[in-house]
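Notes for the one structure printed next.
The values are calculated or read from the model by the stated rules, or taken from the named source; none is laboratory data. Because the structure is a prediction, the values reported are computed rather than measured. As a convention, Cβ positions derive from the backbone with ideal geometry for all residues, glycine included, and neighbour counts pool all protein chains shown. Just the protein is used for accessible areas: all its heavy atoms, side chains included, with ligands, DNA and RNA removed. Shrake-Rupley method; radii C 1.70, N 1.55, O 1.52, S 1.80 Å.
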Amino acid sequence: MPRKKSPHPEQLLTHRIRTRVTAATYQKLEKLQTESDCQSVGEVARKILSGEKLNVFYRDISLNAPMEEMALIRKELKAIGININQQTRYFHSSKSDAERAFYVNRTAAQYRQTEAKVDRLLILISQLAQKWLPKS
């Protein structure tokens, strides 16, 4: 099956330009490619040659620790949620009141764990907001 024709034929890349660069220049282009939204070194070169805007993304390493902690809290909250769902299912399938009371107590304990995790998460988010959001 042939490829579909482009609705914008004027935007097709039809002319080939070949050039050679030094190893240092190529490394700079590769670095720009990894830090930008470009998919290839050729795309970086095309954007530079045509004067288009090159979006480069920088990563702030000061966020690594809070992000790791938030990811860990998310993982723990997910596990607690799974436990609560299982206990709720057991609660509904249990026959006696003693079994139901047992599952109610276990579920309440899980909810208490959730409360501490959410409090820590809110503290982290407020610290990040103070650091990164503009003050108005």
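Details
- For beta carbons closer than 8 Å, sequence separation of 6+ or different chains, a first residue in the range 1-21 that is open to solvent by less than 100 Å² (accessible area, probe 1.4 Å) and a second that is among the hydroxyl-bearing types (Ser, Thr, Tyr), the qualifying pairs are Leu12/Ser6.
- Residue match in the range 78-94 (condition: polar (S, T, N, Q) and either under 30 Å from Arg16 (Cα atoms) or open to solvent by 100 Å² or more (accessible area, probe 1.4 Å) (or both)): yes
- All of (1) farther than 23 Å from Gln127 by Cβ; (2) open to solvent by 60 Å² or more (accessible area, probe 1.4 Å) hold for Glu68 with one exception: (1).
- Odd one out for Val44 among (1) modelled with pLDDT of 90 or more; (2) under 30 Å from Ala109 (Cβ atoms); (3) surrounded by 12 or more Cβ atoms within 10 Å (Cβ to Cβ): (2)
- Test result for Thr114, open to solvent by less than 100 Å² (accessible area, probe 1.4 Å), among the β-branched types (Val, Ile, Thr) and more than 27 Å from the chain's Cα centre (by Cα): no
- Here Tyr58 clears all of (1) open to solvent by 60 Å² or more (accessible area, probe 1.4 Å); (2) in contact with a strand residue (DSSP E or B) (Cβ under 9 Å, 6 or more places away or on another chain) except the condition numbered (2).
- Test: residue in the range 118-134 that is in a helix (DSSP H, G or I), hydroxyl-bearing (Ser, Thr, Tyr) and open to solvent by 60 Å² or more (accessible area, probe 1.4 Å): no
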